[in-house]
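Data first, discussion second: the structure below is written as C-alpha cells.
The values are calculated or read from the model by the stated rules, or taken from the named source; none is laboratory data. Keep in mind it's a predicted model, so treat the numbers as computed, not measured. Cβ: placed from backbone, ideal geometry, glycine included. Neighbour counts: every protein chain shown. These accessible areas exclude ligands, DNA and RNA; they are computed on the full protein's heavy atoms, side chains included. Shrake-Rupley method; radii C 1.70, N 1.55, O 1.52, S 1.80 Å.
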Amino acid sequence: MRKITVLSMITLDGVIQGPGGPEEDTSGGFQYGGWVAPYGDEVYDAVVQKELEPADYLLGRKTFDIWADYWPEHGEFWPGINEGTKYIMSNTLTKSDWKNSVFLNSLAAIKELKNSPGADLQVWGSSELVQLLLKYDLVDELRLKIHPLILGEGKKLFANGSFPAAFTLTESIVTPTGVIIATYQRAGEVKTGTVGT
C-alpha cells in the first residue's frame, strides 16, 4: 500500500492558494499570489530541496497544468519531478506529452492506486484533490509549512466535510523567518471526552 502525503504551504488562516507567484492562481479574484517569497531562508530552502527528491506524485489537474508548463524545461536542478510518475486526477485531460504522466478520473481509481504496490505519493497544491482525499480519509501524512500571515481570502487546505482524523506531530522546526515546518502522521480516530470543572 502506498502512503499519501500532502505537502502544503499554508497561512495561519488556512489559505494555500497561489503561494509561488502573482499569476499562479488568480481564480476567484485572488490578489495575493507569491505570498511565500518573504519567508525564504537557508532552513526553509533546505527543507524544500529535500522534499524535491525523486518521488511519485498525485496531482489535481490545475496543479498539473502549472507543473507541466514549468518543470519539463527547468528540471535540471530537481530531475526527480520529471522522472517521477505523475498521477493526475482529471475529468477533462486524458494524455500529456510530459513523460510519466498517468491520468485518473475517479475516487475509485485513487483508492486502487493507493492500494497498489509502488512508491509513496506526494500531493502538492491541488486544493480540490486534497479536499477529496481528506473527505475520504486517504491522507496518511501532512507536511505543512505554516507561514505567519493571514490573507483573509483564498482556497483553504481544510474545509467542512473532512473526515474526522487524529494526527501525531512527528517532526517540527521553526525557520528564522518564523515559518513552522511540521510533519503530522495519521494516528487514528478522533478521541472525545468531557472537560471537568
Please go through the stretch 57-94 and pick out each residue that is of a type in the set (A, V, I, L, M), part of a helix (DSSP H, G or I) and either modelled with pLDDT of 90 or more or open to solvent by 20 Å² or more (accessible area, probe 1.4 Å) (or both). 66, 68
Pairs returned, first residue in the stretch 94-123 that is acidic (Asp, Glu), second residue that is open to solvent by 30 Å² or more (accessible area, probe 1.4 Å) and part of a loop (DSSP other than H, G, I, E, B), beta-carbon separation under 6 angstrom, 6 or more apart or interchain, are 120/3
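Please enumerate the residues belonging to the stretch 145-160 that are more than 23 Å from residue 175 (Cα to Cα) and either aliphatic (A, V, I, L, M) or more than 15 Å from the chain's Cα centre (by Cα) (or both). Even if it seems obvious, please write down each step before you answer.
Here is the first cut: in the stretch 145-160, the residues more than 23 Å from residue 175 (Cα to Cα) are 152-155, 158-160.
Residues satisfying the conditions are 152, 153, 154, 159, 160.
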Residue ID - farthest from residue 86 (Cα to Cα), chosen from residues in the stretch 102-125 that are open to solvent by less than 50 Å² (accessible area, probe 1.4 Å) and assigned to a helix (DSSP H, G or I): 107
Please tell me if residue 50 is open to solvent by 60 Å² or more (accessible area, probe 1.4 Å), in contact (Cβ under 8 Å) with a residue 60 or more places away in the chain and of a type in the set (Lys, Arg). no
Filtering the stretch 24-47 down to residues that are at pLDDT 90 or above and closer than 24 Å to residue 98 by Cβ, which residue is least open to solvent (accessible area, probe 1.4 Å)? 33
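Please list, ordered by residue number, the strands (runs of 3 or more DSSP E) wholly in the stretch 126-197 having 3 or more residues that are among the β-branched types (Val, Ile, Thr) and in contact (Cβ under 8 Å) with a residue 24 or more places away in the chain.
Values: elements: 141-147, 166-174, 180-188.
In the stretch 126-197, 180-188 are the strands (runs of 3 or more DSSP E) which contain 3 or more residues that are among the β-branched types (Val, Ile, Thr) and in contact (Cβ under 8 Å) with a residue 24 or more places away in the chain.
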Which residues, taken from the stretch 142-197, are closer than 21 Å to residue 129 by Cβ, out of contact with any Lys or Arg (no Cβ under 7 Å at 6 or more places or on another chain), at pLDDT below 90 and open to solvent by less than 60 Å² (accessible area, probe 1.4 Å)? 159
If residue 17 satisfies all but one of (1) open to solvent by less than 40 Å² (accessible area, probe 1.4 Å); (2) part of a loop (DSSP other than H, G, I, E, B); (3) more than 29 Å from residue 151 (Cα to Cα), what's the number of the condition it fails? (3)
